Amino acid sequence: MQKAVKNQWSSRWMFILAATGSAVGLGNIWKFPYITGENGGGAFVLVYLLCVALIGIPVMMAEIMLGRRGGGSPINTMRVLAKEAKRHPIWGLLGWMGMLAGIIILSYYSVIAGWTLAYIPLMASDHFHGMDAQAVADTFDAFTGNPWWLLLCHTAIIFLTLMVVAKGVCGLEKAVRFLMPALFLILLILDGYAYSRGAFSQGLDFLFASDFSKLSANSVLIAMGHAFFTLSLGMGAIMVYGAYLPKEVSITQVSITIAAADTLVALLAGIAIFPIVFANGLPADSGPGLIFTTLPLAFSHMAGGAVFGSLFFVLLLFAALTSTISLVEPAVAWLGESKGMSRKNAAILCGIFSWALGLLTVFSFNKLSDVKPLFDKTFFDIFDYLAANILLPLGGLAIAVFAAWSLDHHMRHDELNTQHDWFVCWLFVLRYITPIAIFIIFLHAIGIFA
Ligand code: TRP
């Protein structure tokens, strides 16, 4: 087993940017608003925020810590650390599960990123000018109803991802530096529009007034799954980024910074979208098309809307690409270390798998939209549910248990290298609160307490 990780982030800042680039993506801007809409708003948002604080941040710290300590791909990191801690090599399975989750997520993530790509020329050409909500929704339905368009865009995204992955970590650093702040700015512009032209207080009420009667056990599972999804946790993505993190950087600080930035972006997106939804009498629970049917409406009524609108989708596309890269990085790192594959070939191999699997998502929106093989869900829904709500929390549970219970105490202490009180607090949460919370949420969702 050779160590192929020679890459290192050039500074703490770069790690924060890259990890934030991985975390901030379609999860924040596309998925968070639409699942919030489907799960009734405020109470769901509150559970999601609690999950970020009590499960997300501690697990992120653990994942970065394990990654930096092991210094390789998740599979090898877990094997090395298990050996060091005299535990069973079965912990390597965690890395395998993470690679599987990464390939599954990439398969549908890339289809949605493809929608973003397609909306750039539509916005730039002012296609939505003067349209009402119904016409904007019809455009979306016509687009997703055409499998060839979706296939073309999905293929383009996989291709773009492979190009960046093949170049290695350094290429990534440069892009994130400007794009993230720009995306943030344009979200603020959208918030300003929602404030002046949308049903602002109704939107805020929906997002922040908690009505727990609307919250089902399944919604709680979705909120937890989303905390993992949006922070890129539970599959080794942040672990492999941690492997490139210089020794002296404080893991506590970077984790809190990343989680805070990620949460802020999601909330800003929600604050922009719901006032527009209500001002136009649109349904909040319209599903994965939500941002594609609301934001074009806002941009088409805004001065300079064609410019801002196309810029928004360009930036969202970049945000998605900095996320897709981290979905394949664990697998690419492993194929390099253990199979001696070049980054390029490893990237191509992962890309082929995800592309092929993604065909089922492409067809979920048209030819196979009536095919619901499990629990009345399309293939797209099944992949998303399986990966985000089952595989990631399971991976997170394993990471928490391994880091908090199996690892040697002084190794933990040494690697985290944080203030004593903080360390004790983190360890307590990771030992008891995080695993028990994940466990109870799982049991609830399968109806044990019903
Ligand atoms: N966090 C990203 C988003 O919110 C998606 C993502 C990237 C991801 N890498 C990941 C999700 C690893 C889970 C695991 O869009």
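Taken together, the values in this text are just the output of simple stated rules run on the coordinates, not laboratory data. In this text, all values refer to a predicted model and were calculated from it rather than measured experimentally. For neighbour counting, all protein chains shown are included, and Cβ atoms are generated from backbone atoms with ideal geometry for every residue, glycine included.
Normalised by the number of residues in the stretch 1-147, the mean separation of alpha-carbon contacts (under 8 Å, six or more apart) gives a relative contact order of 14 percent.
Of Ala261, Ala347, Ala43, the residue with the greatest mean-square motion in the GNM of the chain, using alpha carbon springs below 10 Å, is Ala261. Contact order for the stretch 12-445, expressed relative to its length and based on alpha carbon pairs under 8 Å spaced 6+ residues apart, stands at 37 percent. Maximal additional length on extending the Ala53-Arg431 stretch stands at 134.6 nm, based on 0.36 nm per residue less the C-alpha distance.
For the stretch 16-65 versus the stretch 294-372, the spacing of their alpha-carbon centroids is 18 Å. Across Leu297, Leu188, Leu316, mean-square fluctuation computed from a Gaussian network of the chain (C-alpha pairs under 10 Å connected) peaks at Leu188.
Computed from the C-alpha gyration tensor, the three semi-axes of the ellipsoid equivalent to the stretch 160-237 are 33, 24, 8 Å, from longest to shortest. Checking every one of the chymotrypsin sites (Phe, Trp or Tyr not before Pro) in the stretch 329-431 against DSSP loop status and a limit of 15 other Cβ atoms within 10 Å picks out Phe375. Helices assigned as whole DSSP H runs in the chain whose Cα atoms extend at least 24 Å along their own long axis and whose mean Kyte-Doolittle hydropathy is 0.5 or higher are found at 92-124, 147-167, 169-197, 251-279, 305-339, 343-364. For the stretch 56-128, the direction-averaged projected area of the alpha-carbon convex hull comes to 7.1 nm². All Cα-Cα distances of the chain, cut into 20 Å bins from zero to the largest, leave 27, 59, 14, 0 percent in each bin in turn. With R₀ set to 45 Å, the beta-carbon distance separating Val424 from Tyr195 gives a calculated FRET efficiency near 0.55.
By the helix-only formula, in which each DSSP H run with n ≥ 4 contributes -39500 (n - 2.57) and the sum is divided by residues, the chain has a 222 nm mean residue ellipticity of -23500 deg cm²/dmol. For the pair Glu84 and Asp138 in one chain, pulling the backbone fully straight at 0.36 nm per residue adds 13.6 nm over the alpha carbon distance.
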